[in-house]
Structures are given as structure tokens and as C-alpha cells.
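Engineer: This structure is in C-alpha cells; I'll ask about it shortly.
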Amino acid sequence: MAYEARINAVVSDIVDGVRAALFKHDVTFDEYRVALAFLLDAFEKNDVPLLMDVLFNTTIVKIEGKLMGGSKPSLEGPYYLENAAVVTDRLPMRDEDQHHTAMQLRGRVTGMDGRPLARATIDVWHSTPEGRYSGIHDGIPPHYYRGKIVTDADGRYNVRSIMPIPYQIPNEGPTGALLTAMGRHSWRPAHVHYKISAPGMHTHISQAYFEGGAYVEDDCCEDVCEEHVVAEKVEDGVRIVEVDFVIPKATEKAQAA
Ligand code: DHB
Ligand code: FE
């Protein structure tokens, strides 16, 4: 479809959808003005990326998953940092955190043909045991709880870290106020982020969640899907987070779309 026709089709349908909601609820002029003030406030306070994460980002993620095939993708979130170090056995962490419950991230990366993806890079990152992100919050040095894992000849990876906890998205701004006004909360379940890249392959972004964990059924960003909830498994006191990834080639995307 030509560019102009596509913009027209998508924007017209979005506008139609909003108009239908306004009619359905008999939205008043006073409410319209509140909405306008909310949008201006969100722009002024740079809260639009967070608002989009909460409202629409996972929708685009689901569409991408449908077009691509392979493992289902997730939200990237705002806390990926490009320059994490390569790690081979454990993610770097603060000494005082060593006693927290350990987790072992392991699994296998294959292509759509089932063949192992050797020497793929898996960036992993997750929150501290206080639910904060290194390099972003509280002056925590950026190399903690992050790392690039390189898959072996059989596509496998295996690295130790400690359990993250649920994460509260910033709630003091307009997006937080909106969630509160709707009677919703601003918590995400504990999760581990993954970003997998390899030459010629689609860059795959995912998250893993912990079965039975708080907010798994009620993520404020609505990202959780069944495929990403890891069953509870413990070996010698270590929580096992076993996740396999099936990744399409970069060119497979064009074919699917
Ligand atoms: C947000 C933060 C996260 O850690 C995440 O995984 C997803 C979204 C956010 O603040 O929008
Ligand atoms: Fe996160």
C-alpha cells in the first residue's frame, strides 16, 4: 500500500475508534478539556514514552510477534544499555547482594529451521533486589545486573544472577496519575529482559516472568503472556529460569509482512 494511503487508513481508523468511544460514553466538554490538559502535561513533563509503554507498546509487540513467527517478543522497556560487558558465568553484582536468592538463566537459541544459533549475543538485564535498574536509578553503577552472553556451538547459554523483584514504573507523573484515576496500579511483575542479536537474524526482544509471582496476572504494562511465564523450578536453592528462543532471519520478516 502506498505510504499516503496507509497513513490515511491507519489514522482514519484510530480517529474513528476514539470518536466511537466518545459517543458511547457521552463525553462532555469539561471532560474533553481535562483530556487536553492531560496530554499537554504529559508532553511538557516528557511522560509520553511512559504513557505509550503503558497503553500501546505491547500492542505493537504483539503485531510484530504475529508477523515474524518464532518465539513471542516482549516490551523492551526504557532500561536497556548498549555497552554491557560480556559475561561467561555470572552477572556482576554488589557484594552486599550476593546472599539474595540465586537464579540461573539458561536455555538454547535456534533458528526457525531448528538449527542452533552459535555465537549469538544475548543481552540480559534485570532490576536489583530493590527493584531498581543499574545505570539509571540511585547511582547504581551501570555494569551491575547486566551482561552480554554469547551462545556456544549448540546455541546454549547459562549464567547466574540473583532474583529481581516487582518493579514500580514511575508513578509521580501524568501517567501514574492516570492509572490511579482509573483505579489501576503501576506495578510490573519481577522480570528478566533479553535482547538477542546475531548477524543476519531478526533482533529478538523478550522478558521472562516467574510463575506465581506478584503482578504476573496483573502487569500494569499488560506485557505478560503465558509463553513468557517460567514454571517454578529450584535446583539446590537456585531458581532455574530456562528459556529457549526461536529466532527468524532478518529477511523472514519481510516475507511475513
Ligand atoms: C517500563 C519499565 C520496565 O522495567 C519495563 O520492563 C517495561 C516498562 C517503564 O517504565 O515503562
Ligand atoms: Fe524492566
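Engineer: I'd like the antiparallel share, as a percent to the nearest 5, of DSSP beta bridges with both residues in the chain.
Structural biologist: Here the share of antiparallel DSSP bridges comes out near 75 percent.
Engineer: In debye, nearest 20, what is the charge dipole magnitude of the chain about its Cα centre with +1 on Lys and Arg Cβ and -1 on Asp and Glu Cβ, if you could check?
Structural biologist: 760
Engineer: If you take the charge dipole of the stretch 46-154 about its Cα centre, with +1 on Lys and Arg Cβ and -1 on Asp and Glu Cβ, which of HIS99, GLY77, VAL109 is farthest toward its positive end?
Structural biologist: My answer, from the dipole projection, is VAL109.
Engineer: Charges only on Cβ, +1 for Lys and Arg, -1 for Asp and Glu: so what's the dipole of the stretch 137-257 about the Cα centre, in debye to the nearest 20?
Structural biologist: The calculation lands at about 540 debye.
Engineer: List the relative contact order of the chain as a percent without decimals, with contacts defined as Cα pairs under 8 Å and 6+ residues apart.
Structural biologist: 23
Engineer: Something else about it: If you look at just the Cα atoms of the stretch 1-89, how large are its Rg and its Dmax in Å?
Structural biologist: 18.5, 59
Engineer: GNM, the chain, Cα, under 10 Å: largest mean-square fluctuation among ALA120, ALA35, ALA198?
Structural biologist: Between ALA120, ALA35, ALA198, it is ALA35 that shows the largest mean-square fluctuation.
Engineer: Further question on the same structure: Please compute the Kirkwood hydrodynamic radius over the stretch 104-221, one decimal place, Å, based on all pairs of different Cα atoms.
Structural biologist: After inverting the mean inverse Cα-Cα distance, the result is 15.9 Å.
Engineer: Next up: How large is Rg/Rh for the chain, to two decimals, with Cα atoms and a Kirkwood Rh?
Structural biologist: Ratio of gyration radius to Kirkwood radius: 1.01.
Engineer: Divide by every residue of the chain the summed helix terms, -39500 (n - 2.57) for each DSSP H run of at least 4, and state the resulting mean residue ellipticity at 222 nm, rounded to the nearest 500 deg cm²/dmol.
Structural biologist: Helices in the chain give a 222 nm mean residue ellipticity of -8000 deg cm²/dmol.
Engineer: Then there is this: Using only the alpha carbon atoms of the stretch 200-257, find the Kirkwood hydrodynamic radius as the inverse mean reciprocal pair distance, in angstroms to one decimal.
Structural biologist: Value: 13.7 Å, from the Cα pair sum.
Engineer: Could I ask something else about it? Give the residue list of trypsin sites (Lys or Arg not before Pro) in the stretch 116-158 that are DSSP loop and have at most 15 other beta-carbon atoms within 10 angstrom.
Structural biologist: Within the stretch 116-158, the qualifying trypsin sites (Lys or Arg not before Pro) (loop, at most 15 other Cβ atoms within 10 Å) are ARG119.
Engineer: Which three lengths, in whole Å and largest first, does the stretch 70-172 cover when its Cα atoms are put on their principal axes?
Structural biologist: That works out to 46, 30, 24 Å along the principal axes.
Engineer: Test of understanding: in a Gaussian network model of the chain with alpha carbons linked when under 10 Å, which of THR28, THR121, THR180 would top the mean-square fluctuation ranking?
Structural biologist: Sorting by GNM fluctuation, first place goes to THR28.
Engineer: Sticking with this one: How large is log10 of I(q)/I(0) for the stretch 7-160 at q = 0.17 Å⁻¹ when the intensity is taken from the Debye formula with one equal scatterer per alpha-carbon?
Structural biologist: Log10 of I(q)/I(0), two decimals: -1.12.
Engineer: Could you name the lysines in cross-link range of LYS62, using Cα to Cα under 22 Å and dropping any fewer than eight places away on the same chain?
Structural biologist: LYS72, LYS195, LYS249, LYS253
The numbers here are math on the coordinates, done by the rules we state, and not lab data. Bear in mind that the values here come from a model prediction, so they are computed numbers and not experimental data. Backbone-built Cβ (ideal geometry, glycine too); neighbour counts: all protein chains shown.
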